[in-house]
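What follows is calculated from the coordinates using simple rules that are stated; it is not laboratory data. Quantities reported herein were computed from a predicted structural model and do not represent experimental measurements. Cβ: placed from backbone, ideal geometry, glycine included. Neighbour counts: every protein chain shown.
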């Protein structure tokens, strides 16, 4: 990939690649979980492939896809702490500096905002997913 060593670039690449599995897997599961009878009914009503995808497949698979994005978001926020080890900066730097100097206040300075960001993003995505699930007919 041409990105090696330490700094923000390898951390960014690693975190980006780390998100691919939960998003890709949940996307695959979301689309494959749509009942074929529903797709056949949509085609029987005269919908073309684009309409079936946009009006049937995507709306039914979207909650599962968003769940994958939710998992990836939480994993990335947790993994971003480790980016401090490879010189990626961020709040992880405070955590590892505090661990190295046996300074709990520095550790908490890095951990507390990360925990709040994780909880807030998790609740926002949970709310979005539950609203989408309720809108289904």
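Strictly greater than 23 Å: what percent of every Cα pair in the chain meets that? Numbers along the way, then the final one.
Working: 4747 of 9316 pairs.
So the portion of pairs separated by more than 23 Å is 51 percent.
Estimate the FRET efficiency between residue 116 and residue 36 by the formula 1/(1 + (r/R0)^6), using the beta-carbon distance for r and 25 Å for R0, to the nearest 0.05.
Step by step, r from the Cβ atoms, then E = 0.05.
Please tell me the relative contact order of the chain in percent, rounded to the nearest whole number, where contacts are Cα pairs under 8 Å and at least six residues apart.
Numbers: 151 pairs, mean separation 36.6, N = 137.
Dividing the mean separation by the residue count of the chain yields 27 percent.
Measure nothing fancy, just the Cα-based angle from helix 58-82's long axis to the longest principal axis of the chain, in degrees from 0 to 90, nearest 10.
Its long axis makes an angle of about 10 degrees.
Figure the gain on full extension for residue 132 and residue 75 (residue separation times 0.36 nm, minus the Cα-Cα span) and round it to one decimal in nm.
Net length gain for the segment: 18.3 nm.
Return one number: the angle in degrees, 0 to 90 and rounded to the nearest 10, between the long axis of the Cα atoms of helix 91-100 and the longest principal axis of the Cα atoms of the chain.
For 91-100 against the chain, the angle is about 40 degrees.
With angles folded into 0 to 90 degrees, how steeply does helix 104-135 sit against the dominant principal axis of the chain? Use alpha carbons for both and round to 10.
Compared with the principal axis, the helix lies near 10 degrees.
Sort largest first and round to whole Å: the equivalent ellipsoid semi-axes of segment 96-136, each the square root of five times a Cα gyration tensor eigenvalue.
They are 36, 6, 4 Å, listed largest first.
Give the whole-number value, in cubic angstrom per residue, of the convex hull volume spanned by the C-alpha atoms of segment 1-43.
Convex hull volume per residue, Cα atoms: 81 Å³.
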